Amino acid sequence: MPLDLSDESQYDRVRLRQWARDRARSAGVDRRDLLKLFAAGAAAGSLGLGAAGTAAAAALPGTVKPLPPELFTIRGTNAETNFAALRGTGHLTPLDRFFVRNHTVTPRLDANDWRLTVWGDALSGGPVEFSYDRLRALPAVERTLFIECAGNGRSFYTTQQGQQVSGTAWTLGAIGVARWRGARLSDVLRQAGLTRGAVDVLPRGLDDEVVTNGVNLGRVRRPLPVSKALDDVILAYEMNGEPLPPDHGGPVRVVVTNWIGISSIKWVGDIEVSGQPLYTPWNTDLYRLFGPGQPPEGSAPLTRQTIKSAFELEPGATVPVRRTRLLTGRSWSGAAPVHRVEVSTDGGDHWQRARLHDVPRRGSWVRWSVPWTPRATGPAALLARATDTTGRTQPATTAHNTQGYLFDAVVRHPVSVV
Ligand SMILES: Nc1nc2c(c(=O)[nH]1)N[C@H]1C(S)=C(S)[C@@H](COP(=O)(O)O)O[C@H]1N2
Ligand SMILES: [Mo]
């Protein structure tokens, strides 16, 4: 039976087997180093950079834009959007409050000097270079899409489920929705001479090499199957109508519809087009599920994001009793548009339908609201539960994985009624 490599899960399974049998090429990291990391990851998810629950290192984040505490919570080299700061903003996340997830630091790149080199054994000729102007001369597309870290919601594995996980201890603010404008990756690949033998497409960032556990992983890069690369991937140079800001990958980044944030490589400098399957740490040890119920080498590499909801309210907010207020929030899913949101203000005993303020659309979130008049003083828990058009609803708990990816359970939002 022919393998259907456009099917994501089948693609990933096949690559995993090929890699295990040494038939896939590891792009830039020694195979023994990768195996060492693999073993460490399977044992403890040790590649997570910093453990959830422990205080972030007091290093200055290497970012360009201001990160005021009313808009962001700093977590190591990353900045999480405070969801409360989205209240009253529109469908798009304003640039001044879009989360930043950096493996190292934001590089300062000049669009005039920037070049994208497309190269590899699955092109008909040698490397092809794209300047900023050449990229902008290609037909432009505009899409409203979220970028969300695979570890968004990770801290709730610990605070709600009592489980140990490694990685940045995000609450729910490692997501943003922007209007992206750019060229289609498919147009760039075709101009570069893509051949039918192409299997994997590997964009790589121009930011510093990542060193973890004494191993240099090289620059941030993660292969995309050629089927996804040709489908709906953008090389974006604008975000909400502005030139792409430095912290979000300027001058040019990859934007991959519905897939986990690591797919959307920032500061892209080159793209390898390979006739052989490729592996990097970002699709082997990182961004797979390890833990109970998973094979020792981990799950297939993660692709699509899961389903979540968040209130636009500070955790532990104080609310006055017997006064009606409008609870607001947002829900999203990487599988399909969210078309129903229910809210409980009594810890999950009763649920009411929230009013949606956006037309549900693929790749983005819906804003919603529900009026609430608290009747008694004391602590209360607010819950929001989304359902997407595939019928998937947020569950009560998420199965544990050591690196704390893809948390999708309903989150209890504590408030205090006074
Ligand atoms: N070159 C490069 N690309 C990158 C990263 C990075 O550190 N370097 N971080 C990735 C991760 S893990 C996420 S979640 C998103 C975050 O995008 P943002 O910082 O624009 O919100 O970028 C991805 N692309
Ligand atoms: Mo991420």
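Observations
- Consider region 75-106 and keep the residues that are more than 16 Å from ligand 2 (Cβ to nearest atom) and outside any loop (DSSP other than H, G, I, E, B). The one that is nearest to Lys266 (Cα to Cα) is Leu95.
- All of Pro315, Pro374 fail the test of being assigned to a loop (DSSP other than H, G, I, E, B) and open to solvent by less than 30 Å² (accessible area, probe 1.4 Å), apart from Pro374.
- Qualifying position, being modelled with pLDDT of 95 or more, surrounded by 14 or more Cβ atoms within 10 Å (Cβ to Cβ) and more than 20 Å from Trp282 (Cβ to Cβ), among Trp119, Trp114: Trp114
- Considering residues of region 272-324 that are within 23 Å of the chain's Cα centre (by Cα) and small (Gly, Ala, Ser) only, the residue farthest from Arg87 (Cα to Cα): Gly298
- Test result for Pro292, away from ligand 2 (no atom under 16 Å from the Cβ), at pLDDT below 95 and assigned to a loop (DSSP other than H, G, I, E, B): yes
- Looking only at region 195-210, residues that are touching a Ser or Thr at 6+ places or on another chain (Cβ under 8 Å) and more than 14 Å from ligand 1 (Cβ to nearest atom) come to 5 in all.
- Applying a threshold of 7 Å to beta carbon distances and a minimum spacing of six or more residues, or different chains, the list of pairs starting in region 224-239 at a residue that is of a type in the set (Phe, Trp, Tyr) and ending at one that is part of a helix (DSSP H, G or I) and open to solvent by 10 Å² or more (accessible area, probe 1.4 Å) reads Tyr237/Arg136.
- Residues of region 232-256 classified as farther than 17 Å from Pro301 by Cβ and away from ligand 2 (no atom under 16 Å from the Cβ), total: 17
- A count restricted to region 131-176 and to residues that are of a type in the set (S, T, N, Q) and in a loop (DSSP other than H, G, I, E, B) stands at 7.
- When Asn213 is tested against (1) within 16 Å of ligand 1 (Cβ to nearest atom); (2) over 18 Å from Val273 (Cβ atoms); (3) of a type outside the set (A, V, I, L, M), exactly one condition is not met: (1).
- Contact map, region 146-173: residues that are acidic (Asp, Glu) paired with residues that are near ligand 2 (Cβ under 9 Å from one of its atoms) and not in a helix (DSSP H, G or I), Cβ distance under 7 Å, separation 6+ or inter-chain. Pairs shown: Glu148/Ala174.
- Just one of the listed residues (Lys266, Lys308) is among the basic types (Lys, Arg), within 16 Å of ligand 2 (Cβ to nearest atom) and in a strand (DSSP E or B), and it is Lys308.
- Subset of region 107-124 that is of a type in the set (S, T, N, Q) and part of a loop (DSSP other than H, G, I, E, B) - its residue that is farthest from ligand 2 (Cβ to nearest atom): Ser124
- Taking first residues from region 101-127 that are under 20 Å from Leu67 (Cα atoms) and partners that are within 16 Å of ligand 2 (Cβ to nearest atom) and of a type in the set (Ser, Thr, Tyr), the Cβ contacts under 6 Å between residues at least 6 apart in sequence or on separate chains come to Asn102/Thr77; Thr106/Thr63.
- Within the option set Val273, Val254, Val201, being under 22 Å from Val105 (Cβ atoms), part of a strand (DSSP E or B) and either among the aliphatic types (A, V, I, L, M) or free of Cβ contacts under 8 Å to residues at least 24 places away in the same chain (or both) holds for one residue only, Val254.
- Taking residues in region 341-363 that are closer than 24 Å to Arg179 by Cα, and partners anywhere that are open to solvent by 100 Å² or more (accessible area, probe 1.4 Å) and at pLDDT 95 or above, the pairs with Cβ atoms closer than 8 Å and at least 6 places apart or on different chains are Val341/Arg353; Gly363/Arg143.
- Restricting region 76-88 to residues that are closer than 24 Å to Gly316 by Cβ and open to solvent by 30 Å² or more (accessible area, probe 1.4 Å) leaves a set whose member that is nearest to ligand 1 (Cβ to nearest atom) is Asn82.
- Residues satisfying the stated conditions in region 125-149, i.e. more than 16 Å from ligand 1 (Cβ to nearest atom) and aromatic (Phe, Trp, Tyr): Phe130, Tyr132
- Region 382-416, subset assigned to a loop (DSSP other than H, G, I, E, B) and open to solvent by 50 Å² or more (accessible area, probe 1.4 Å), residue farthest from Val321 (Cα to Cα): Thr390
- Subset of region 230-251 (residues that are open to solvent by 10 Å² or more (accessible area, probe 1.4 Å) and outside any loop (DSSP other than H, G, I, E, B)): Glu238, Glu242, Pro243, Pro246
For every residue, the table says whether it meets (1) over 19 Å from the mean Cα position of the chain (by Cα); (2) within 16 Å of ligand 2 (Cβ to nearest atom); (3) crowded, with 16+ Cβ neighbours inside 10 Å; (4) under 30 Å from Thr397 (Cα atoms).
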residue: Asp133; (1), (2), (3), (4): yes, no, no, no
residue: Val141; (1), (2), (3), (4): yes, no, no, no
residue: Thr144; (1), (2), (3), (4): no, no, yes, yes
residue: Thr168; (1), (2), (3), (4): no, yes, yes, yes
residue: Thr171; (1), (2), (3), (4): no, yes, yes, yes
residue: Arg184; (1), (2), (3), (4): yes, no, yes, no
residue: Val199; (1), (2), (3), (4): yes, no, yes, no
residue: Asp207; (1), (2), (3), (4): no, yes, yes, no
residue: Asn213; (1), (2), (3), (4): yes, no, no, no
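The values are calculated or read from the model by the stated rules, or taken from the named source; none is laboratory data. What you see is a predicted model; the values in this text were computed from it and never measured. Backbone-built Cβ (ideal geometry, glycine too); neighbour counts: all protein chains shown. With ligands, DNA and RNA removed, areas are computed over all heavy atoms of the protein, side chains included. Shrake-Rupley method; radii C 1.70, N 1.55, O 1.52, S 1.80 Å.
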